[in-house]
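The values are calculated or read from the model by the stated rules, or taken from the named source; none is laboratory data. Remember, predicted model here, so these are calculated numbers, not experimental data. Don't worry about glycine lacking a Cβ; one is built from the backbone with ideal geometry, like all the others, and counts go over all protein chains shown. The area values use the complete protein model at the heavy-atom level, side chains included, leaving out ligands, DNA and RNA. Shrake-Rupley method; radii C 1.70, N 1.55, O 1.52, S 1.80 Å.
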Amino acid sequence: MPVSLAEIAKAAGVSRMTASRALRGRREVSPETRAAVESAAERLGWVPNPEVGCLMGELRRTTTQGNTQT
């Protein structure tokens, strides 16, 4: 069963949002926090799912363009 973001966050002692930001390499995460999250992810055997990243990119594009479908 895949490792969830919530599991990584709990193991690293951070929120899910912080874990997500750290795993995506966002600048607002301190190097110490990023290291803790990456270490937890590695310990738990987390593997990035490229399909999720593609879906999130598509979601961002449609919401930023104001695309609403009825």
- request: Answer yes or no: is there a residue in segment 43-52 that is touching a helix residue (DSSP H, G or I) at 6+ places or on another chain (Cβ under 8 Å), in a helix (DSSP H, G or I) and either open to solvent by 90 Å² or more (accessible area, probe 1.4 Å) or touching a residue at least 40 places away in the same chain (Cβ under 8 Å) (or both).
  value: yes
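Return the residue satisfying two criteria in turn: it lies in segment 24-39 and is more than 13 Å from the chain's Cα centre (by Cα) and part of a helix (DSSP H, G or I), and of such residues it is farthest from E7 (Cα to Cα). Spell out the reasoning first.
Residues of segment 24-39 that are more than 13 Å from the chain's Cα centre (by Cα), as a first pass: 27-28, 30-33, 35-36, 39.
Filter once more, so that each one left must be part of a helix (DSSP H, G or I): 31-33, 35-36, 39.
Values: P31: 20, E32: 19, T33: 15, A35: 16, A36: 13, S39: 12 Å.
Per the stated criteria, the residue is P31.
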